[in-house]
Amino acid sequence: MSDSRIKILTTDRPKMAHDISGVFVKHHINIIWMEVYTHVIYVKFSTPSPETWHQMKKDFLSISGVKRVQEVDFIMLEEKELEVNSVLNSIPQGIVIVDKESKIKYINKYAFKNILRLKKGDEIGKADDEFDQTNTIRKLLSKAQRNKHTQKGEARIRTNTYYVWISPITSDDEIISSYMITFEDMRQIREIYKNKRFDNPITFKDIYGGSNKLREIIKQARIYARSDSPVLILGESGTGKELFARASHNESRRSHKLFVALNCAAIPDQLLESELFGYDEGAFTGGKKKGKTGLLELANGGTVFLDEIGEMPAHLQVKLLRVLQEKTIRKLGGSHEIPVNVRIITATNRDIKNMVETGQFRLDLFYRINVFTLTVPPLRERREDIEVLAGEFIRRYSQEYKKKILSIDPEALEKLKEYQWPGNIRELQNMIERAVAVAETDHIHVDLLQFNEPTFRRQFDEGQPLQATVEKVEKEMIQKALKKHRSIREAARNLGVTHTLLINRMKKYKMTNEL
């Protein structure tokens, strides 16, 4: 016998559901399901004969407060369940809902077919006992029951490994009714990582130029990329050291894993440690409630690029040395060691050997990060590359600014080749961008180029005593460093001098109130 469903619109009065139920009792019709709301009642019931149903409708409409009786395909609960099931079954991830005793209440099609590999009619028992070979789900469920927060980890199901999330399903007053377990195939995650390349598409083909010096450094970098040993990249600011680090990662065996870049000079000392190593819950006031995963742990299996390594404070140099030696980290506030497998690539524009000699950088760490060394030449030492780089930047910014810049005038190109480029490739890139942005014709002419000669050249007056010139330049450099940085110590590091020396120079030039 089939089932029927009706929707009854009513006023809000006591015993409305009782009176409607009385009609079913009167005609000996079985109620399968009834949903009662303030102004509507849904009923699912065994289908009566046409004659009986005709009389039942009359009886319903004779009840005080009943406005209309409408036959429907689904009662509200069925409709919601159908919609939810359709959504869950369309997701290419496994979803299982278990009760507080770990008994499975619901399983979507993907989990049923692809993870548990069950057949229609198979019995399903407890979530942990049925298919978890690593016991991970039982442990995560137990933890979720204790702290009422989402737990995650890796579990072995059948012959595959899955990343598992277990989230409590709670009411508005935070009473747990059940737990949702989500499974994501690690093979799919790895494939996504491989295709996305972690937003790091840079390869050695993206390093433009054809000079002998550039070809030689790329040849070296390709050789070093085959190894897991640390690489130290030296070079002036703006020469493209991070490009070499990214390209090296993408040519290494770790290319399918994460590449993480961190500028040690851009983050305050007190935050740098937590960024690198992470922290446990309660490690310090203001931290995230569940703690934080550090970049070294996040990039496990991949590469960590530490730019401006010379700016790393001494206590973090010790911790980084331990990472390189022991292959483990300890979070801030943590009590146990976490194994990590990362390749470290570092870079600096400072004279790091001099920093070692003056005690500003640890000798033992220098040896550890300097297994391989790449020295990226400044742009003024590979002027053959200027035309290639300028052409690439013109093409790139012509697209960005929606212009058709076809060429650069010979006179403008000659000026580019004569310039000393204190800011290297970054300065050339900025100059070309500005020229393209303001250009009104299809070519770049010399008047569109704005050159920034070094300060000391502008200030030098022929016939002025050498000492006066040196002091004038030194004073201006100190003033700029003090304005740029928040403390005398940071300014000293930027200038490559000791804290004491900078204070003495400030006193000499009567600059004690600059900060």
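The values are calculated or read from the model by the stated rules, or taken from the named source; none is laboratory data. This structure is a prediction, so every number in the text was calculated from the model and none was measured. We place every Cβ from the backbone using ideal geometry, glycine too, and count neighbours over all the protein chains shown. Note: areas computed on protein heavy atoms with side chains; ligands, DNA, RNA excluded. Shrake-Rupley method; radii C 1.70, N 1.55, O 1.52, S 1.80 Å.
Within segment 295-313, which residues are outside any loop (DSSP other than H, G, I, E, B) and either polar (S, T, N, Q) or within 16 Å of E275 (Cα to Cα) (or both)?
Within segment 295-313, L295, L296, E297, L298, T303, V304, F305, L306, D307, I309, E311 qualify.
Give segment 1-34 a look and list any residue that's without any contact (Cβ under 8 Å) to a residue 12 or more places away in the chain and open to solvent by 50 Å² or more (accessible area, probe 1.4 Å), or say none.
If the condition is that a residue be without any contact (Cβ under 8 Å) to a residue 12 or more places away in the chain and open to solvent by 50 Å² or more (accessible area, probe 1.4 Å), then P14, K15, H18, V25, H28 are the ones that fit.
Run G301 past the list (1) at pLDDT 85 or above; (2) of a type outside the set (S, T, N, Q); (3) surrounded by 15 or more Cβ atoms within 10 Å (Cβ to Cβ); (4) on the phi > 0 side of the Ramachandran plot and report the number of the one that doesn't hold.
(3)
Going through segment 343-362 one residue at a time, which ones are modelled with pLDDT under 95 and among the aliphatic types (A, V, I, L, M)?
I352, M355, V356
Take the residues in segment 435-449 that are outside any helix (DSSP H, G or I) and out of contact with any helix residue (DSSP H, G or I) (no Cβ under 7 Å at 6 or more places or on another chain), then tell me which one is least open to solvent (accessible area, probe 1.4 Å).
The qualifying residue least open to solvent (accessible area, probe 1.4 Å) is H443.
Are any residues in segment 333-364 assigned to a strand (DSSP E or B) and open to solvent by 70 Å² or more (accessible area, probe 1.4 Å), and if so, which ones?
Across segment 333-364, the qualifying residue is only P339.
Among the residues of segment 35-44, write down those that are buried (at least 18 other Cβ atoms within 10 Å of the Cβ) and not hydroxyl-bearing (S, T, Y). First the steps, then the outcome.
Kept after step one, since they are buried (at least 18 other Cβ atoms within 10 Å of the Cβ), are these residues of segment 35-44: 41-44.
Selection gives I41, V43, K44.
Of all residues in segment 37-80, which are more than 21 Å from K15 (Cα to Cα) and either touching a Leu at 6+ places or on another chain (Cβ under 6 Å) or of a type in the set (D, E, K, R) (or both)?
E51, E71, D73, E78, E79, K80
Does N200 satisfy the condition of being in contact with a Lys or Arg (Cβ under 9 Å, 6 or more places away or on another chain), at pLDDT 90 or above and not aromatic (F, W, Y)?
The answer is no for N200.
Could you list, in sequence order, the residues of segment 45-57 that are open to solvent by 40 Å² or more (accessible area, probe 1.4 Å) and among the small types (G, A, S)?
S49
Which one of S227, S211, S248 is within 22 Å of the chain's Cα centre (by Cα) and not aliphatic (A, V, I, L, M)?
Working: S227 fails: within 22 Å of the chain's Cα centre (by Cα); S211 fails: within 22 Å of the chain's Cα centre (by Cα).
Just a single option satisfies the conditions, and that option is S248.
Which condition from (1) under 27 Å from T182 (Cα atoms); (2) open to solvent by 40 Å² or more (accessible area, probe 1.4 Å); (3) in contact with a helix residue (DSSP H, G or I) (Cβ under 6 Å, 6 or more places away or on another chain); (4) hydrophobic (A, V, I, L, M, F, W, C) is the one that L118 breaks?
(2)
If you take the residues in segment 202-236 that are free of Cβ contacts under 8 Å to residues at least 60 places away in the same chain and surrounded by 16 or more Cβ atoms within 10 Å (Cβ to Cβ), which one is nearest to F361 (Cα to Cα)?
Across segment 202-236, the extreme among qualifying residues is A225.
Can you tell me which residues in segment 80-109 are hydroxyl-bearing (S, T, Y), closer than 17 Å to I137 by Cβ and without any contact (Cβ under 8 Å) to a residue 24 or more places away in the chain?
Of everything in segment 80-109, just one residue is hydroxyl-bearing (S, T, Y), closer than 17 Å to I137 by Cβ and without any contact (Cβ under 8 Å) to a residue 24 or more places away in the chain, namely Y106.
What's the number of the condition F60 fails, among (1) crowded, with 16+ Cβ neighbours inside 10 Å; (2) not in a helix (DSSP H, G or I)?
It is condition (2) that F60 fails.
Quick check on my filter: what residues within segment 257-277 are within 15 Å of I344 (Cα to Cα), in a helix (DSSP H, G or I) and open to solvent by 40 Å² or more (accessible area, probe 1.4 Å)? Walk me through it before giving the result.
In the first step, residues of segment 257-277 are kept if they are within 15 Å of I344 (Cα to Cα); the result is 257-264, 276-277.
From what's left, in a helix (DSSP H, G or I): 276-277.
Once the filter is applied, which keeps residues that are within 15 Å of I344 (Cα to Cα), in a helix (DSSP H, G or I) and open to solvent by 40 Å² or more (accessible area, probe 1.4 Å), segment 257-277 yields nothing.
What is the residue count in segment 396-434 for residues that are over 30 Å from the mean Cα position of the chain (by Cα) and open to solvent by 50 Å² or more (accessible area, probe 1.4 Å)?
The total comes to 14.
Please list, ordered by first then second residue, the pairs with beta carbon atoms under 9 Å, 6 or more apart or interchain, first in segment 249-274 and more than 26 Å from R226 (Cβ to Cβ), second surrounded by 18 or more Cβ atoms within 10 Å (Cβ to Cβ) and among the aromatic types (F, W, Y).
What qualifies is E273/Y279.
Could you please let me know if L243 is aliphatic (A, V, I, L, M), open to solvent by 50 Å² or more (accessible area, probe 1.4 Å), outside any loop (DSSP other than H, G, I, E, B) and touching a residue at least 40 places away in the same chain (Cβ under 8 Å)?
For L243, the condition - aliphatic (A, V, I, L, M), open to solvent by 50 Å² or more (accessible area, probe 1.4 Å), outside any loop (DSSP other than H, G, I, E, B) and touching a residue at least 40 places away in the same chain (Cβ under 8 Å) - is met.
Working carefully through the options E83, E78, find the one that is within 30 Å of K105 (Cα to Cα), assigned to a helix (DSSP H, G or I), touching a strand residue (DSSP E or B) at 6+ places or on another chain (Cβ under 8 Å) and open to solvent by 30 Å² or more (accessible area, probe 1.4 Å).
E78
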